[in-house]
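To keep things clear, I will list the structure first and then write my remarks on it.
Just so it is clear, none of the values below were taken in a lab; they were calculated from the coordinates. Please read these numbers as outputs of a predicted model, since none were measured by experiment. When we count neighbours, we look across all protein chains shown, and the Cβ atoms used for this are built from the backbone with ideal geometry, even at glycine.
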């Protein structure tokens, strides 16, 4: 009975989020409340399921980006690119895509598109062309780039924390695949857009005559914040040596940045997206209810029945299912539900194969499954407008500037590129882990 009720509650919450009938933070908090009200999980079990490493990492990185954004750094990057390309729309598009992907690998992709989108709109207005293709492709690039590292996309943060995977693990295993996906995406974009625009010389002069350095409004704090951000990145890379969790590193780095840049902690913390933070807290508790009542184990058994102990088949199921679900639903609750399921699958396969060596289990069973989930969930978000938070944010910014992006406009660009990226990921997983 408990398994059925917890499954119903989670499904209803999921549908409310997917259909946007209820704001997602409210939906998960009410769902967690119902789990506790119906005694489906004890409070101490639900509370202990909250992963504070994830919470601290999100808060810390949000504060860091807020401090850095005040200096005009991101506007400077965009304007410099436009000037260096002499107002060539094709080059501007490709370089904006690359820059967005690279920044999103190390910073939150939602924050990246929030900072890049207004500058993109400004430059396309100067060039007298529509910003819609640029904005859509930047959202897609942010999701691609965010897939490369532990901190680039919320699903990776969740997977890294729950599966005990380090920053370096993501860098070594996912970045090569992401680079291939990005190169393939750029090639398709070039073929599609190479003859689309014809910019007059008069318009090009407007861009080449711009002064990017004027975008930097606080050079002293820019240097200070970049140094601290660099140290935070270094600490992420070396955290296996120091033993410090990424969440503590990010939160401490944020406090040092506020201190050194002479910020106001109350104002900087007010700019943290607390709705997102409480969404994660509610989601941790909600999924804990599923796990506590055996719902996750039930699903794991069903998947095992389909693929047996064939790890490659399981990876393909996870990859394509993750991409499909993440293209039509928010990928965060999907990943939250999949994490305990995959943990159960790993244990079941290990027992079925009679394997007990933790090193062998990690390298031959666990990691290929985790990478399949990360690639499918992060890249699958490119399939439709509602597939990832960055997509929705970009569409809202575009609408505010009177450049509305429809669901089908985004899907026309995003879905084919998503399918291409998932096929590349499938080949990559096969060649790297099963040959």
Q. Using the Cα gyration tensor of region 323-418, with a ≥ b ≥ c the square roots of its eigenvalues, what is the shape: rounded (a/c below 1.5), prolate (a/b larger than b/c) or oblate (neither)?
A. prolate
Q: Fewest Cβ neighbours within 10 Å first, please rank 190, 403 accordingly.
A: 190, 403
Q. Based on DSSP H runs of at least 4 residues, each adding -39500 (n - 2.57), what is the mean residue ellipticity at 222 nm of the chain after dividing by all its residues, to the nearest 500 deg cm²/dmol?
A. -25500 deg cm²/dmol
Q. Using 19 Å as the cut-off for backbone N distance, which residues of region 177-211 belong to the label zone defined by a point 7 Å from the Cα of residue 427 along Cα→Cβ?
A. 177-192
Q | Label of the coordinate-derived value, P(r) over Cα pairs in 20 Å bins from 0, in percent, listed as (i) 22, 38, 30, 10, 0; (ii) 25, 57, 17, 1; (iii) 22, 36, 28, 13, 1 | A | (ii)
**Q.** Sites residue 80 and residue 164, calculated FRET efficiency, Cβ-Cβ separation with R0 35 Å, nearest 0.05
**A.** 0.30
(Q) To make sure I understand, if each residue's beta carbon is the centre and we count other beta carbons within 10 Å, what order do 142, 48, 104 fall in, fewest to most? (A) 48, 104, 142
Q. How far apart, in nm, are two points set 7 Å out from the Cα along the Cα-to-Cβ line at residue 187 and at residue 130?
A. 2.7
Q.
Using Cα-Cα distances under 8 Å and only pairs 6 or more residues apart, what relative contact order does region 45-161 have, in percent?
A. 30
Q: Express the relative contact order of the chain as a whole percentage, based on alpha carbon pairs under 8 Å and six or more residues apart in sequence.
A: 26
**Q.** Approximate spin-label separation residue 21-residue 352, in nm, with each point projected 7 Å along Cα-to-Cβ
**A.** 3.6
Q: Please work out the Cα center distance from region 305-359 to region 70-100, rounded to the nearest Å.
A: 39
**Q.** Angle in degrees between helix 154-163 and the longest Cα principal axis of the chain, rounded to the nearest 10
**A.** 40
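Order these by the 10 Å Cβ neighbour count, fewest first: 124, 238, 406, 147.
Ordered from fewest to most neighbouring Cβ atoms within 10 Å, 124, 238, 406, 147 come out as 406, 238, 124, 147.
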**Q.** Helix 109-127 vs. the chain, principal-axis angle (Cα, 0 to 90°, nearest 10)
**A.** 30
Q.
Angle check, please: helix 295-307 long axis (alpha carbons) against the longest principal axis of the chain (alpha carbons), in degrees 0 to 90, nearest 10.
A. 90
Q | residue 310 versus residue 213: modelled label distance in nm, points set 7 Å from Cα along the beta carbon direction | A | 6.3
(Q) Once each part is reduced to its C-alpha centroid, what is the distance from region 8-36 to region 258-301 in angstrom? (A) 15
Q: Would you mind getting me the FRET efficiency between residue 201 and residue 98? Use the beta-carbon distance for r and R0 = 30 Å, nearest 0.05.
A: 0.70
Q: Over region 300-435, calculate the relative contact order: mean separation of alpha carbon pairs under 8 Å at least 6 apart, over the residue count, as a percent.
A: 32
Q | Estimated FRET transfer efficiency when R0 is 45 angstrom, pair residue 234-residue 1 (beta carbons, to 0.05) | A | 0.30
